[in-house]
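The values are calculated or read from the model by the stated rules, or taken from the named source; none is laboratory data. These numbers were taken from a predicted model, which means no experiment stands behind them. Counting neighbours? That spans all protein chains shown, and the Cβs are built from the backbone with ideal geometry, glycine included.
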Amino acid sequence: MTALQLLDYASVLVFALTGALVASRAQLDIVGFAFFACLTATGGGTLRDLMLDRNPIFWMDDPHILGVACAAAVLVFFTAHLLESRYKAIVWLDAAALAVAVAAGSGIAVAEGQSLGIVLVMGVLTGCAGGLMRDVVANEVPLVLKQGELYVTCAFFGALTTGLATFLPQTVSAAQAALACAAVTFCLRAGSIAFGWRLPVYKGFPPRYKP
Amino acid sequence: MTALQLLDYASVLVFALTGALVASRAQLDIVGFAFFACLTATGGGTLRDLMLDRNPIFWMDDPHILGVACAAAVLVFFTAHLLESRYKAIVWLDAAALAVAVAAGSGIAVAEGQSLGIVLVMGVLTGCAGGLMRDVVANEVPLVLKQGELYVTCAFFGALTTGLATFLPQTVSAAQAALACAAVTFCLRAGSIAFGWRLPVYKGFPPRYKP
Amino acid sequence: MTALQLLDYASVLVFALTGALVASRAQLDIVGFAFFACLTATGGGTLRDLMLDRNPIFWMDDPHILGVACAAAVLVFFTAHLLESRYKAIVWLDAAALAVAVAAGSGIAVAEGQSLGIVLVMGVLTGCAGGLMRDVVANEVPLVLKQGELYVTCAFFGALTTGLATFLPQTVSAAQAALACAAVTFCLRAGSIAFGWRLPVYKGFPPRYKP
């Protein structure tokens, strides 16, 4: 198993946990848990594979992936009541999944020989799309939209780390680049959740010239 | 015309009727009716064909399909006021369309020689995606999320029926498998709507260990 | 650079401006602006290219496209406060982008040798999908759903113009067809915004036969 495949598994597992937790907030049954787990776990990677025209799509190639997602759904169905705050668990698990998924998405784009711009897009897309689909379908406010929090920004700088590690002259292995990318993404996101790190947001100054 | 093509037509027609009824609830004009009819009718199958890399997509291959959807839109535009309860009509038509679409989706995955896991996913996806897109775009609460009702679960057991009929040793024709799949899906969904059949849902017990 | 490429650039630029304006209404940071600009600018064309199995997707082939979208995001981030009404700017820019995107989408379908029905669908899809994604992700009421306004209808008649210009016996160049299509789309949409042009909408007459 290559480092990239391991990353895909890890991101599937952790995103599936967040999907199942969202299903528990919506009080669905066990099949609904599995539905949200699979949607969240495979959404971003499916879009990536469709756009890069990779065929078959990663979870078709390897049926264990859907098994992992369903196992995560069953686990959450029977243990979610042990959590003190499901929302907090969702936010932190989502941060971990984001870090891993950005590393997987940007790493695969590098492995396919794409240019820096495409590497950035694929990293952000793989990282954010699964969680975005989960939130849109579940009628929750998408985490990408949370004001005053870094989210897409973390994915962007993570993917940039992969890009720099790859396109700079030093020799860096794919596994090292993925590790650096995941570390950057997770640290930025964790700093934003725990310490309120943020970029200046658009404030809507009053119009300069009054009519 | 094969049994699978006939199924695709039937699911297109019935999903298009539900899409047009949703458009009538949003008070759109005739083009808006056709837009929602086509979106609902082709959404699930389009995703299925993109993922299975079937080319061209089913409604590109056969322009009659969009014609059927548009005819359904026109029909609903001029007759929806005859209905006593549009919502009830949407729910029951959606149940019929779900049954047919799950049979079409899982049947095509079988015909493409996919494994059992993929057959299940394609059945659920083809069945649920069109209605999900309809509800998300129209700002209605997605039917997949309705608490205490079987929806994804019906699609899952329907696709499982196709899978069992195909992968078990007995010889079962594609048409027989499709019929069994549609019957299982529709009966489960109808039982859920009419008699309140349901699986145990996640209840959110209080945390076991207080902090 | 061909006329069709120029159209794609223009629609990317104008849709990116509307995406960034929506991001400013959600008070996101600069990366969020770029995210919404890229999503809106490339959403419709990406769907079109996936369905027509064009490979690579237009913005992968030409990294300038993402550059244009990001430049639009930066521009809006620093100048949106100069606008008197961001909503009005979004609506009018969206009308311009719709016109250009419908021309690009239907023109490409013609260039790919598709039939009239597919040309109509691709025109409507390329025109409406980007803005629809923008509105769904940003939790705004989709412009396609605005009651009493022409939106999908404008895209439909614009694409029909391309189709008629192409499939009628006269010789019309691709650039002329695109110009006619964009003009029809924009005039219909502008007339609807400014003068309230509309088609009769579904009114929900009372049931004809009382129970």
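Can you pull out the residues in the stretch C:143-175 that are buried (at least 24 other Cβ atoms within 10 Å of the Cβ) and more than 29 Å from C:Val201 (Cβ to Cβ)?
none
For the stretch C:6-16, what are the residues that are surrounded by fewer than 24 Cβ atoms within 10 Å (Cβ to Cβ) and in contact (Cβ under 8 Å) with a residue 24 or more places away in the chain?
If we filter the stretch C:6-16 for residues that are surrounded by fewer than 24 Cβ atoms within 10 Å (Cβ to Cβ), which is where we start, we get C:6, C:9-10, C:13-14.
Matches in the stretch C:6-16: C:Tyr9, C:Ala10, C:Leu13, C:Val14.
Somewhere in the stretch B:56-64, is a residue more than 29 Å from A:Gly43 (Cβ to Cβ), within 12 Å of another protein chain (Cβ to nearest Cβ) and not acidic (Asp, Glu)?
yes
Being of a type in the set (Phe, Trp, Tyr), within 20 Å of A:Gly105 (Cβ to Cβ), assigned to a helix (DSSP H, G or I) and out of contact with any helix residue (DSSP H, G or I) (no Cβ under 6 Å at 6 or more places or on another chain): is that true of A:Tyr87 here? Don't jump to the end; show me each part of the working.
Working: of a type in the set (Phe, Trp, Tyr): yes; within 20 Å of A:Gly105 (Cβ to Cβ): no; assigned to a helix (DSSP H, G or I): yes; out of contact with any helix residue (DSSP H, G or I) (no Cβ under 6 Å at 6 or more places or on another chain): yes.
So A:Tyr87 fails the test.
When residues of the stretch B:46-81 are filtered for being in contact with a Ser or Thr (Cβ under 8 Å, 6 or more places away or on another chain) and assigned to a loop (DSSP other than H, G, I, E, B), how many remain?
Here the count works out to 2.
Among the numbered conditions (1) farther than 18 Å from C:Thr40 by Cβ; (2) touching a Lys or Arg at 6+ places or on another chain (Cβ under 8 Å); (3) away from every other protein chain (no Cβ under 11 Å), tell me where C:Thr126 comes up short.
Failing condition for C:Thr126: (1).
Would you point out which residue out of A:Ala101, A:Ala178, A:Ala155 is under 22 Å from C:Thr40 (Cβ atoms), touching a Gly at 6+ places or on another chain (Cβ under 6 Å) and either touching a residue at least 12 places away in the same chain (Cβ under 8 Å) or aliphatic (A, V, I, L, M) (or both)?
Checking each option against the conditions leaves just A:Ala155.
Which numbered condition in (1) modelled with pLDDT under 90; (2) within 14 Å of chain B (Cβ to nearest Cβ) is the only one that C:Ala178 fails?
So C:Ala178 meets the others, but not (2).
Scan B:Glu149, B:Glu140 and give me the residue that is out of contact with any strand residue (DSSP E or B) (no Cβ under 8 Å at 6 or more places or on another chain), in contact (Cβ under 8 Å) with a residue 60 or more places away in the chain and of a type in the set (Asp, Glu).
B:Glu140
Tell me which residues, restricted to the stretch B:153-194, are assigned to a loop (DSSP other than H, G, I, E, B) and of a type outside the set (Ser, Thr, Tyr).
Matches in the stretch B:153-194: B:Leu168, B:Pro169, B:Gln170, B:Val172.
Specify which of the listed residues (B:Ala103, B:Ala111, B:Ala71, B:Ala89) is surrounded by fewer than 21 Cβ atoms within 10 Å (Cβ to Cβ), more than 10 Å from every other protein chain (Cβ to nearest Cβ) and within 30 Å of A:His64 (Cα to Cα).
B:Ala111
Do any residues in the stretch B:25-54 that are facing chain C (nearest Cβ under 7 Å) have Cβ atoms under 6 Å from those of residues that are crowded, with 24+ Cβ neighbours inside 10 Å and polar (S, T, N, Q), where the two are at least six apart or on different chains, and which pairs are they?
Pairs that qualify, where the first residue is facing chain C (nearest Cβ under 7 Å) and the partner is crowded, with 24+ Cβ neighbours inside 10 Å and polar (S, T, N, Q), are B:Val31/C:Thr153.
Restricting to the stretch A:19-30, name every residue that is farther than 12 Å from A:Ala72 by Cα and surrounded by fewer than 24 Cβ atoms within 10 Å (Cβ to Cβ).
A:Arg25, A:Ala26, A:Gln27, A:Asp29
For A:Leu13, indicate whether it is under 25 Å from A:Ala111 (Cα atoms) and modelled with pLDDT of 90 or more.
yes
Filter the stretch A:129-152 down to residues that are outside any loop (DSSP other than H, G, I, E, B) and either within 8 Å of chain C (Cβ to nearest Cβ) or closer than 16 Å to A:Trp197 by Cβ (or both), then give me how many there are.
6
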